[in-house]
1. From the set of residues in the stretch 416-431 that are buried (at least 16 other Cβ atoms within 10 Å of the Cβ) and within 16 Å of LEU337 (Cα to Cα), which is modelled with the lowest pLDDT?
2. Would you check which residues across the stretch 536-571 are in contact with a Lys or Arg (Cβ under 9 Å, 6 or more places away or on another chain) and either part of a helix (DSSP H, G or I) or among the aromatic types (Phe, Trp, Tyr) (or both) and list them?
3. Being farther than 30 Å from ARG60 by Cβ and assigned to a loop (DSSP other than H, G, I, E, B) is true for just one of ALA302, ALA297, ALA325. Which residue is that?
4. Working only within the stretch 350-374, note down all residues that are acidic (Asp, Glu) and surrounded by fewer than 22 Cβ atoms within 10 Å (Cβ to Cβ).
5. Name the single residue that is surrounded by the most Cβ atoms within 10 Å (Cβ to Cβ) among those in the stretch 186-201 being modelled with pLDDT of 95 or more and not in a helix (DSSP H, G or I).
6. Examine the stretch 337-349 for a residue that is in contact with a strand residue (DSSP E or B) (Cβ under 7 Å, 6 or more places away or on another chain), surrounded by fewer than 23 Cβ atoms within 10 Å (Cβ to Cβ) and at pLDDT below 95, and state whether such a residue exists.
7. Please go through the stretch 37-85 and pick out each residue that is closer than 21 Å to GLU126 by Cβ and acidic (Asp, Glu).
8. Take the residues in the stretch 332-354 that are in a loop (DSSP other than H, G, I, E, B) and among the hydrophobic types (A, V, I, L, M, F, W, C), then tell me which one is nearest to GLN425 (Cα to Cα).
Amino acid sequence: MRRLWPIGGIVCLLAILAVGLALDRWVARTKLPSLTVAVSATVEDRNGALLRAFTVDGGRWRLPVTVAGVDPDYLAQLIAFEDKRFYRHGGVDLRAMLRAVGQALWHGKIISGGSTLTMQVARLLENGSTGKWEGKLRQLRLALALERKLSKDKILNLYLQLAPFGGNIEGVRAASLSYFRKEPNRLTDAQAATLVALPQSPERRRPDRHAKRAQAARDRVLLRMVEAGVISKDAARAGMREIVPSQKINFPVLAPHLAERMIEGGRPGSNHRLTLDKMAQTGIEALLRAYVQGQSASLSGAIVVVDHHSGEVIVSVGSPDYLDAAREGFLDMTLALRSPGSTLKPLIYGLAFEMGRAHPETVIEDRPTDFNGYAPQNFDNQFRGDIRLRKALQLSLNIPAVALLQEVGPPHLIARMRRAGAAPQFPGSGAPGLAIGLGGLGVSLRDMVAIYAAIARGGMPVHLHERMGARDDSLRPPVLGPVAAWYVSDILAGMAPPDNAPRGGLAYKTGTSYGHRDAWAIGFDGQHTIGVWLGRPDGAAMPGALGRDLAAPLLFESFALIKRSLTPLPPPPRAVLTVSNAELPQPLQRFRGRGQLIAPQDLPRISFPPHGARIELDAGFLALKVQNGKPPFTWLANGKPVEPASFERQIIWEPEGPGHLTLAVIDAAGRSQRVEVVLE
């Protein structure tokens, strides 16, 4: 009999080896599911703060996260509660399984589970069952196979992304943001315990539906952590006093237009780090939203803030409210082509300064002028005679701007706009004419900000970009020479601010497009350039709306929101000539352009109705009166002839009804004047 023991031992050993080899082959033949987890595409600000996230298939929130992005105290609680031998077993904890089986047999019900974190990951990867033996066997096999292929941290990463937290919330990062409005890298003990407890029974313990159950489960975890030595009793007592959140928090939807643009064409689940600043973006979005409240329901707006030294876009707001259908909030108005009104005038003046045609103290005649058939008028239909260019730009006079543009040439203006990175669009197929200087072209707010950023940077082009690391410092030709850019900046810094706005330090210009369709204000200090646009997305008129009244206050409020004090503008370059008009060289003392002066009495002038008037149509008729000019006169109402040409200087006309009305009169020489009124 004694001889049989060695033989029996050998047989047992061989049997164990055979089972081990069979088990090894069984595990090796395991077909693994895809280990690439579909996660939400995310857009983050310059500091990694979440701006926008997008759901995965099925509308689930599953944000990318790794061990490195999670609070170590949460990981300590998770492992102590779920799988305290996680780093020592190979996927299956035999001691825990035997204990769970023994407790179930003794008590007649399941007291504790024997699943490891790796087995839970196996179930989550395949969305497998937890109650059937075949499901458990599959999890066990897959867990052993996972441990052979992945490191412990990679297994934890899968758990952190896939663990269910109730409803459509999956993964610890999505849960932390949804329940606590914070990233999971800085959790309190109570918050960590809540996130440990929820995946065990995510629907029954959802804080937004079952706050008491969630609190009870959290408190049990805290007590277990005291027993495991992870936290102190005092920490547990403090944690139990914390209130469990009773509702989910919506994920941030900041810079929605830009965020959608950034993820287009990107890899599913990719992360996009932008140059935006979340705090500034949040503040400017709220500012614009509040600013348009109480005004026309169709009024929209957009704001762009850039650092003109780096070219980084700090804020990009495409509309007051992305979901506001009345304002067509889904349209990104930072990229919409709009008429820039008078906002191109600084660049025109800068070109004249650069080419030696003028100086800020040069005197120019603000008189009725015909530029080869183009006879613009000033906004207020007034003429100021001799005036310094500095004052002419600050008053945004049209005649001087067109005279300078004729001198430097529209092609040069367009070329410099393109040097700044702008892409202007022109109506019709002919060559752009002098009208572009007064807004007769299409350009986006972002492009206008790029032009002003170049002026603010001493004339050097600024490569605007929204992605971190996309800065382009390649050498490109200047938009303006440094002296000309400084002259323009100095003039704009002398603009009177809006009522109740602080004085000094901000160089800015406003603009209003023809028909009051666009209100602009763009300005800069020594560091930032901000552009504001307000208008209707459909291009309809906003009677009475002016850039200086509507957009300029918002520009100053935007600067006040993003910084406590303005950064000083740079000092003048050495070549700057700071002298009076009398001290200028003779050719620069007075500007003499190539326009043909017209005597004021020869120009037709609408004497009634006056520009900007609001007229009640009590009798249903309207008297139209014209002074000066050469008869016969043709009247146009909103572009349509009122009646055949008349030699009379007054006619009686019956309008179709109330509304915004553009009236124009053309005399026999083709000279015209236009006014805008509102009929009530």
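The values are calculated or read from the model by the stated rules, or taken from the named source; none is laboratory data. The shown structure was predicted, so the numbers you read here are calculated from the model rather than taken from an experiment. Counting neighbours? That spans all protein chains shown, and the Cβs are built from the backbone with ideal geometry, glycine included.
1. The qualifying residue modelled with the lowest pLDDT is PHE426.
2. Correct list: GLY547 only.
3. On inspection, the qualifying residue turns out to be ALA297.
4. GLU361, GLU365, ASP366, ASP370
5. Selected residue: LEU187.
6. No, the stretch 337-349 contains no residue that is in contact with a strand residue (DSSP E or B) (Cβ under 7 Å, 6 or more places away or on another chain), surrounded by fewer than 23 Cβ atoms within 10 Å (Cβ to Cβ) and at pLDDT below 95.
7. Listed by number, the residues that qualify are ASP57, GLU82, ASP83.
8. So the residue we want is LEU337.
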